[in-house]
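Okay, so here's the structure we're looking at.
The values are calculated or read from the model by the stated rules, or taken from the named source; none is laboratory data. Everything numeric in this text was worked out from a predicted model, so none of it was measured. Please note: Cβ atoms are built from the backbone with ideal geometry, for glycine as well, and neighbour counts cover all protein chains shown. Quick note on the areas: whole protein, heavy atoms, side chains included, nothing else; ligands and nucleic acids left out. Shrake-Rupley method; radii C 1.70, N 1.55, O 1.52, S 1.80 Å.
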Amino acid sequence: MIVGKKKRVLVVDDSAFMRKLISDMLNKHPMMEVIGIARNGQDAVEKVRHLLPDVVTMDIEMPVMNGLQALKEMMNHHPVPVVILSSTTKHNTENAVLAIEFGAVDVIAKPGGAISLNLHEIEKEIVEKVFAASNVSIQSLTRMITPSRIRYVPPVEKKEVPEKILPVTEKPVTLTSFSKNKAQIPKRFVIIGTSTGGPRALQEVITRLPADFPSPILIVQHMPPGFTRSLAERLNGLSEITVKEAEHGELLSNGTAYVAPGGLHLKFEKAAAGYQIVLDGNEVPRSGHRPAVNVLLESAAKHPELDYVTVIMTGMGYDGKEGMELLRATCKTITIAESKNTSVVYGMPKAIIDAGLSDEVRDVQQIADAIMGNLK
């Protein structure tokens, strides 16, 4: 039996084929109905104003007005939950990360580019994320992020790498030296796990940490391959600490945050000169996620010689709960959960709190201070 009113969806894409495909998927859900379509950002802004949908799916690259411009207009005048569907080009991943900063709830990678003939491969993800977004509080989306001091990061020439991520099968290479200013082997780690709404929450937390932060930070953010690199680069430009996408075999250093690459589990192991990152593309996704917070916490639990401050923030589901139970049983750990008050989706932190696994519950604006306080 269907209880309650159906969620009303507006589908925005410049491709008629994509609009039809996405609409058909969403209309299968018993609690959603597509009440309109739009072919560009300007059309979308007008239809949001007239149709008052509960949630919008939106492409980024569109004529007349692109998705970012439309999102800004919507959030300024008629706020509504928006889920971005984007191809994984470098330009689009950067814009998708910006879209979340501007107020979008989540981002989904089109597996086949702008006109994705194989979109059916991620039908379950699309339906679940759009329905979850339809229940998001507008207040949580329109809350302003604390302004950050932008630091200049000189451009680094990088070799082009294929976008496809292959499973990691080789044994990590042990590196032998730290940089001079970060030579101390870490004894305390910070671990952060988050999902829907996480990029904005991470910006609130990471940009408040000082340049001399005394521990490495390992971050699992549920995002598709390609998007995590853009997220790390964005956070790096806004923060005093170094933020980077994690690389297989690199040594962990104090004052650096390592973002798990989309499509790979993040682990770490002891090496001759400290602790080094292990990226695993062979282990199956956990509850649909790779990287998964549970996998990172289970890896941390293998090192009882270390102390941890663990943070679980906004996100759907309960990834992190099982791993946190294991970590707290084996290691000295302080666990901080984001409050319901500031969580875009109060799933992952709620699971931690309800299981009695949290030591502190904090609004997102207080989490950086809570981390620092527990490292003293």
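Remarks
- The set of residues in the range 113-152 being modelled with pLDDT under 80 and in a helix (DSSP H, G or I) consists of Ser140, Leu141, Thr142.
- Verdict on Glu269 being open to solvent by 10 Å² or more (accessible area, probe 1.4 Å), at negative phi and assigned to a loop (DSSP other than H, G, I, E, B): no
- Flag if Gly193 is at pLDDT 95 or above and either among the hydroxyl-bearing types (Ser, Thr, Tyr) or touching a Lys or Arg at 6+ places or on another chain (Cβ under 9 Å) (or both): no
- Output for the range 20-37, where each listed residue is in a strand (DSSP E or B), among the aliphatic types (A, V, I, L, M) and open to solvent by 40 Å² or more (accessible area, probe 1.4 Å): Ile35, Ile37
- Within the range 45-72, considering residues that are in a loop (DSSP other than H, G, I, E, B) and of a type in the set (Val, Ile, Thr), the one nearest to Ala133 (Cα to Cα): Ile60
- Residue match in the range 64-79 (condition: β-branched (Val, Ile, Thr) and under 23 Å from Lys124 (Cα atoms)): no
- From the options Val9, Val48, Val83, residue that is at pLDDT 95 or above and in contact with a Lys or Arg (Cβ under 9 Å, 6 or more places away or on another chain): Val83
- Applying the condition of being open to solvent by 30 Å² or more (accessible area, probe 1.4 Å) and touching a residue at least 40 places away in the same chain (Cβ under 8 Å) to the range 38-64 and asking which residue is nearest to Glu94 (Cα to Cα) yields Glu61.
- Qualifying residue in the range 307-327 (condition: touching a Gly at 6+ places or on another chain (Cβ under 6 Å), open to solvent by 50 Å² or more (accessible area, probe 1.4 Å) and either free of Cβ contacts under 8 Å to residues at least 60 places away in the same chain or not small (Gly, Ala, Ser) (or both)): yes
- Checking the stated criteria, Leu297 turns out to be part of a helix (DSSP H, G or I), among the aliphatic types (A, V, I, L, M), surrounded by 22 or more Cβ atoms within 10 Å (Cβ to Cβ) and in contact (Cβ under 8 Å) with a residue 40 or more places away in the chain.
- Meets criteria (modelled with pLDDT under 95 and over 20 Å from the mean Cα position of the chain (by Cα)) for Ala272: yes
- For Thr330, the conditions (1) surrounded by 18 or more Cβ atoms within 10 Å (Cβ to Cβ); (2) more than 21 Å from Ala132 (Cβ to Cβ); (3) touching a Pro at 6+ places or on another chain (Cβ under 6 Å); (4) β-branched (Val, Ile, Thr) all hold with the exception of (1).
- A single member of Val107, Val9, Val97 is part of a helix (DSSP H, G or I) and either touching a Leu at 6+ places or on another chain (Cβ under 6 Å) or under 25 Å from Gly262 (Cα atoms) (or both), and it is Val97.
- Residue check, Ser215 open to solvent by less than 10 Å² (accessible area, probe 1.4 Å), at pLDDT below 95 and at negative phi: no
- Members of the range 219-256 found to be closer than 15 Å to Ile191 by Cα, assigned to a loop (DSSP other than H, G, I, E, B) and polar (S, T, N, Q), listed by number: Ser253, Asn254
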